[in-house]
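Worksheet: the structure to be examined is printed underneath.
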Amino acid sequence: MPFLIPLSTIAAGSIETLRRGAASAMNWFGIILFSTILFLIWLGWNAMLTGFPQKTYERMQFLAQTNESHFNIFILIIAILLTAIWIFSMIKVRITNRSCTTNWSVGLTVSWALLMALWLPWINHKKDFSPLFLSIEKVIPDKTCLTTHNINDAQIDLIDYYLNIKATREGDRSNCHYLLIYQLHKKDLPPMSENWKLIWNGKQPGDKNNYKLFYKE
């Protein structure tokens, strides 16, 4: 968004006009906000590894749709260094108008980096389509004709990537023997003859709707 660049430039240029009290309040608000975010990230990571606190562990399981724990000493060292950078940024300088914007920039960057370092395996598990589409590989031959219903372009690209199959959206099914459907509700099926037989179904973690694969005899 190009308009954000001049706006951020104007905001940065006017930071010196802030009153000392307003700058100090903004700085302390940022310190409290980002310290809380970093604490919650560490708390969620610890809960998934140790099961404590129990309520946090249950909530993390629900969000990630898995109870797998992921520990990597290299990632842990990076996470500790990121946290140390945040702590150092809070205590190294006296509060000025410039330092409060620096703390906000550091806090935002460290929070995002720490989230990616510690939570990425669980975020990936919730968003990863590879187990779903690779499970289709057992029932569908390579290089076959596959048409789809309610499947978006991004998922069609993933089918091509994982299965090496060029699928089509809502295509002509007369000469195609396989049909993949994302069923949004019980009656959400395209018109099909009795020749179409269900040969596979699956779903993404946490998704209430099913993917179904039909084969036309």
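Here are a few things to note about the model shown:
- Flag for residue 62 being modelled with pLDDT under 80, in the same structural domain as residue 21 (by TED's automatic domain parsing), loosely packed, with under 11 Cβ neighbours inside 10 Å and not in a loop (DSSP other than H, G, I, E, B): yes
- Any hit, the range 73-83, residues being surrounded by 13 or more Cβ atoms within 10 Å (Cβ to Cβ) and modelled with pLDDT under 90: no
- Against the conditions (1) surrounded by fewer than 13 Cβ atoms within 10 Å (Cβ to Cβ); (2) under 16 Å from residue 143 (Cα atoms), residue 168 satisfies every one except (1).
- Residue under evaluation residue 124, criteria (1) under 30 Å from residue 42 (Cα atoms); (2) in a loop (DSSP other than H, G, I, E, B), criterion not met: (2)
- Counting only strands (runs of 3 or more DSSP E) wholly contained in the range 134-217, the ones carrying 2 or more residues that are among the hydrophobic types (A, V, I, L, M, F, W, C) occupy 178-183, 196-202, 210-216.
Here's the yes/no breakdown for (1) in contact (Cβ under 8 Å) with a residue 24 or more places away in the chain; (2) in contact with a helix residue (DSSP H, G or I) (Cβ under 8 Å, 6 or more places away or on another chain):
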| site | (1), (2) |
| --- | --- |
| 108 | yes, yes |
| 113 | yes, yes |
| 121 | yes, no |
| 129 | yes, yes |
| 137 | yes, yes |
| 163 | yes, yes |
| 196 | no, no |
| 200 | yes, yes |
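- Sole residue being over 30 Å from residue 125 (Cα atoms), at pLDDT 80 or above, of a type outside the set (Lys, Arg) and within 25 Å of the chain's Cα centre (by Cα), chosen from 44, 30: 30
- Residue in the range 180-190 that is outside the structural domain of residue 78 (by TED's automatic domain parsing), closer than 30 Å to residue 59 by Cα, surrounded by 15 or more Cβ atoms within 10 Å (Cβ to Cβ) and modelled with pLDDT under 85 present: yes
- Odd one out for residue 45 among (1) aromatic (Phe, Trp, Tyr); (2) surrounded by 13 or more Cβ atoms within 10 Å (Cβ to Cβ); (3) in a loop (DSSP other than H, G, I, E, B): (3)
- Within the set 102, 147, the sole residue that is under 30 Å from residue 215 (Cβ atoms) and free of Cβ contacts under 8 Å to residues at least 40 places away in the same chain turns out to be 147.
The values are calculated or read from the model by the stated rules, or taken from the named source; none is laboratory data. Small disclaimer: the values here were computed from a predicted structure and weren't measured. When we count neighbours, we look across all protein chains shown, and the Cβ atoms used for this are built from the backbone with ideal geometry, even at glycine.
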